[in-house]
Amino acid sequence: MRVVLLTGSNAPSRETILELAAELLEQSVGPILSRSRIYASQAWGFSSDEPFANQALVLDTELSPLEVLDAALAVEQQVGRNRAQEQEQKQITGERYASRVVDVDVMFCDDEIISTPRLKVPHPLLHEREFALEPLCEIMGHYRHPVLGRSLRDIYQELKEKQSTDNV
C-alpha cells in the first residue's frame, strides 16, 4: 500500500526535526518513494509567533492503515511531541490547536476511504489547508481525491482563489 503522510513542526529546529521524523518513518512504516521540499507556513487555527515547516511523504508499506497511524504516533513521541503539554497550552489559550515539536498526519492510504474513531482518511480537513495542499501538489498534484473526485491541484487552486477573494 502507498501511504501519504504530512509532517509539520514549529519548533525552533523544525527542518532538522522533519528530517529526523522522515528517517524514523522510513524505518517504521516503509521506504519513502517521494518527498516534497520543506514548505514554510503560518500557524493554522491558532496564533503562534513561530512559523511551521511542512513536508509531504509518500511511503510504500506492508502495514495496515491503523498500524501506520500507530507508527506515526510513535515517531511523534520519539521526536519529542508532548500531547499533555499541548493540551495544557490549549486550555490556557482557549484555542483548538497549539505549537508542537512535530505532527504526523495520515493524508491518504492508496484510494481508501476510512472513517473510524481513530483514523479518518482522506484527512477530513485537507481541502481547507493550504499548508498541506502545497507540498502534496508538488509530488502528486494530479492525484484525484477519493472523496471529492478532483485533483489535488484543482482543490489547491480553488482554495487559493477563495482566500484571495476573502482577503479583498
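The values are calculated or read from the model by the stated rules, or taken from the named source; none is laboratory data. Note that the structure is a prediction, hence the values are computed from the model and not measured. Here the Cβ positions follow ideal geometry from the backbone for every residue, glycine too, while neighbour counts run over all protein chains shown. For the accessible areas, the whole protein counts, side chains as well, though only heavy atoms, and no ligand, DNA or RNA atoms are used. Shrake-Rupley method; radii C 1.70, N 1.55, O 1.52, S 1.80 Å.
Quick notes on this one:
- Qualifying residue in the stretch 98-108 (condition: of a type in the set (Asp, Glu) and in contact (Cβ under 8 Å) with a residue 60 or more places away in the chain): yes
- Residues of the stretch 129-152 satisfying the condition of being farther than 21 Å from GLN163 by Cβ and part of a loop (DSSP other than H, G, I, E, B): HIS142, TYR143, PRO146, VAL147, GLY149
- Residue list for the stretch 120-141, filter: touching a helix residue (DSSP H, G or I) at 6+ places or on another chain (Cβ under 9 Å) and β-branched (Val, Ile, Thr): VAL121
- Residue count for the stretch 91-113, restricted to those that are at pLDDT 95 or above, in a loop (DSSP other than H, G, I, E, B) and open to solvent by less than 30 Å² (accessible area, probe 1.4 Å): 1
- Selection count where residues are part of a loop (DSSP other than H, G, I, E, B), open to solvent by less than 80 Å² (accessible area, probe 1.4 Å) and either modelled with pLDDT of 95 or more or more than 26 Å from VAL3 (Cβ to Cβ) (or both), scope the stretch 33-58: 6
- Here the stretch 78-90 is the region considered, the condition is being farther than 11 Å from ALA21 by Cβ and polar (S, T, N, Q), and the residue that is surrounded by the fewest Cβ atoms within 10 Å (Cβ to Cβ) is GLN87.
- Test: residue in the stretch 76-90 that is modelled with pLDDT of 95 or more and either touching a Cys at 6+ places or on another chain (Cβ under 7 Å) or closer than 23 Å to ARG129 by Cα (or both): yes
- Residues satisfying the stated conditions in the stretch 1-60, i.e. closer than 19 Å to GLY80 by Cβ, among the polar types (S, T, N, Q) and in contact (Cβ under 8 Å) with a residue 12 or more places away in the chain: THR7, SER9, ASN10, SER28, SER48, ASN54, GLN55
- Screening ASP111 on (1) more than 18 Å from SER48 (Cα to Cα); (2) within 16 Å of the chain's Cα centre (by Cα); (3) among the acidic types (Asp, Glu) shows it passes everything except condition (2).
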